[in-house]
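Just so it is clear, none of the values below were taken in a lab; they were calculated from the coordinates. Every value quoted in this text rests on a predicted model; they were computed, and no experiment measured them. Here the Cβ positions follow ideal geometry from the backbone for every residue, glycine too, while neighbour counts run over all protein chains shown.
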Ligand SMILES: *Cc1c(COP(=O)(O)O)cnc(C)c1O
């Protein structure tokens, strides 16, 4: 399939790196492709960035049949643009597609299209360390129909947004709120899928946490309300008695690529790493015994987000000294060094896009 390219005549003004925030501003072009049962995925194209016109009955608006991905393009010191494990994102995108009854895409075609889009938008990849161009591939159900079933037609698009350094105000530990009144995902549900509804379902608890002065919700499992699952929309790690522990992937946890990368690095560094169930009681007991060293969340946006305070029922604990722990720091440095091309990456983790093409 040939990629059609139509360029815009009017370029948007580009902000300075220091003015960037997250998710507010989009580049000049986007990728689009459509699905029809008779044609399959067809008409891949790069167009000027534009609004999508849709009938008010369009299925995605009513029943949330939508999946997305999130990854970033990084500018290296020599000016190259590189992607971090992008094939993992398109693989996970297709896993999400299968669960949500959306026809799978050709992963190579999607990655090639993304690279072409990035070449066109290369000036939008900011230069300062910590900044990046956030990439949002999305598929939405497009049938104008109010019955509940899988749509027959879909739109796949990729939009790009320049983002500022996540830690522009310093790498400070956050406060998290453990809730037993709300769950993010249930057994047999879609917690392991990057699908729109999971985020809608997380908003209410997030607002409550925020009203009480906490940055994120720590989610417990939906069956026993006992085992830790994720923090906000990040995976979670604990360092207890020099064992690095993260909940195992059992269906309600999103398989983060940052999570997987950290497990990989920890193994290379000969740390003791366990993917296993960990109860909130174990965390509090480890703290009482003086063995809870660090807690941090992981995800593409923040890379590593250290946790300083946890509130669970009427107990509040402070982790470590209130400063970022050495292990969280070491993972943050190692991953960002790889992403910005300052250190060699494990085989296959980096794909470079030559901006001179
Ligand atoms: C995207 C996401 C993550 C992190 O995944 P990365 O691939 O590391 O960015 C974790 N939890 C949830 C719920 C997510 O949506």
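In nm, to one decimal, how far is the residue 107 label point from the residue 224 one, both placed 7 Å along Cα→Cβ?
3.3
Give the Kirkwood hydrodynamic radius (Å, one decimal) of the stretch 97-149, defined as one over the mean of 1/r across all pairs of different Cα atoms.
Values: mean 1/r = 0.0706 Å⁻¹.
The Cα-based Kirkwood calculation yields 14.2 Å.
P(r) tail for the stretch 169-228, what percent of Cα pairs lie past 13 Å?
Working: 1114 of 1770 pairs.
Cα-Cα pairs of the stretch 169-228 separated by over 13 Å account for 63 percent.
For the stretch 249-342, what is the convex hull (Cα atoms) projected area averaged across all directions, in square nanometres? Display every interim value, and only then the final one.
Working: hull surface 28.3 nm².
Computed as one quarter of the Cα hull surface, the answer is 7.1 nm².
On each of the three principal axes of the Cα atoms of the stretch 124-171, give max minus min coordinate, whole Å, ordered largest first.
49, 22, 11
If packing is taken as the average number of other Cβ atoms within 10 Å across a peptide's residues, how do 24-34, 315-325 rank, most packed first? Each step should come with its number before you reach the end.
Values: 24-34: 19.0, 315-325: 15.0.
Highest mean packing first, the order is 24-34, 315-325.
Can you give the FRET efficiency for residue 148 and residue 91, using 1/(1 + (r/R0)^6), R0 = 30 Å, r = Cβ-Cβ distance, to the nearest 0.05?
Working from the Cβ atoms, E equals 0.55.
Can you give the % of DSSP beta bridges in the stretch 174-324 that are antiparallel, to the nearest 5?
Details: 22 of 35 bridges.
Restricted to the stretch 174-324, the bridges split so that about 65 percent are antiparallel.
Can you give the angle from 0 to 90° between the axis of helix 326-339 and the longest principal axis of the chain, with both taken from C-alpha atoms, to the nearest 10?
Here the helix axis deviates by roughly 20 degrees.
What is the percent of Cα-Cα separations in the stretch 174-324 that go past 21 Å?
Numbers: 4424 of 11325 pairs.
Looking at the stretch 174-324, the distances longer than 21 Å represent 39 percent of pairs.
With a 10 Å Cβ neighbour count serving as the proxy for reagent exposure, in which order, fewest first, do 353, 262 appear? Mind showing how you got there, number by number?
On the way: 353 18, 262 27.
Placing the least packed residue first, the sequence is 353, 262.
Between the stretch 148-212 and the stretch 224-297, what is the C-alpha centre distance in whole Å?
19
By how many nm would the segment from residue 11 to residue 316 grow when fully extended, if each residue of separation counts as 0.36 nm and the alpha-carbon distance is taken off? The partial results should precede the final answer.
On the way: separation 305, 0.36 × 305 = 109.80 nm, distance 5.08 nm.
Full extension from residue 11 to residue 316 adds 104.7 nm.
In degrees from 0 to 90, rounded to the nearest 10, what is the angle of the helix 107-120 Cα long axis to the longest principal axis of the chain?
80
Once you have all Cα-Cα distances for the stretch 137-260, histogram them in 5 Å bins from zero and send the whole-percent values.
2, 9, 15, 17, 19, 16, 12, 7, 2, 1, 0, 0
Taking the 0 to 90 degree range and rounding to the nearest ten, how far is the long axis of helix 257-268 tilted relative to the main principal axis of the chain, both from C-alpha atoms?
50
Counting every Cα pair in the chain, what percent are over 39 Å apart? Walk me through the intermediate numbers first.
On the way: 10448 of 63546 pairs.
Above the 39 Å cut-off, the chain has 16 percent of its Cα pairs.
Once you compute Rg and the Kirkwood Rh from C-alpha atoms, what is the Rg to Rh ratio for the stretch 200-266? Could the numbers behind the result be given before it?
Values: Rg = 13.1 Å, Rh = 13.2 Å.
Taking Rh as the inverse mean 1/r over Cα pairs, Rg/Rh reads 0.99.
Set the Förster radius R0 to 41 Å, insert the Cβ-Cβ distance between residue 68 and residue 288 as r into 1/(1 + (r/R0)^6), and round the FRET efficiency to 0.05. Before the final figure, lay out each step's value.
Working: r = 40 Å, r/R0 = 0.98.
Approximately 0.50, to the nearest 0.05.
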